[in-house]
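Trainee: Attaching a single structure in structure tokens format; questions to follow.
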Amino acid sequence: MPLEFPGVVVTRESAVASSVPGLIVQRAHAAACVVLGAKGNNTLGARLGSTVHAVLQHAEGNVVVVR
């Protein structure tokens, strides 16, 4: 059962693209925030994958990385 939070809108979409990071960056223009997951831990903390790295470098809006 999903949690309910008044005023919070969650959108789920399926898409096919030649570049997943490019698609996320493109869709981020219309989003208040993009939330991405880190792969795990290393000695410096969260280990970022190539998609997270690319989105952090190119997205113009807010990006949150969680693990």
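Trainee: Spot the failing condition for ALA46; the list is (1) open to solvent by less than 70 Å² (accessible area, probe 1.4 Å); (2) modelled with pLDDT of 85 or more; (3) not in a loop (DSSP other than H, G, I, E, B), and only one is missed.
Mentor: Answer for ALA46: the failing condition is (2).
Trainee: Same structure, new question: Quick one: in segment 1-38, which of the residues that are in contact (Cβ under 8 Å) with a residue 24 or more places away in the chain and in a loop (DSSP other than H, G, I, E, B) is least open to solvent (accessible area, probe 1.4 Å)?
Mentor: Looking at the filtered set, the residue picked out is ALA38.
The values are calculated or read from the model by the stated rules, or taken from the named source; none is laboratory data. All figures in this text were calculated on a predicted structure; none of them were measured in a lab. Positions of Cβ are generated from backbone atoms using ideal geometry, with glycine treated the same way; all protein chains shown enter the neighbour counts. The area values use the complete protein model at the heavy-atom level, side chains included, leaving out ligands, DNA and RNA. Shrake-Rupley method; radii C 1.70, N 1.55, O 1.52, S 1.80 Å.
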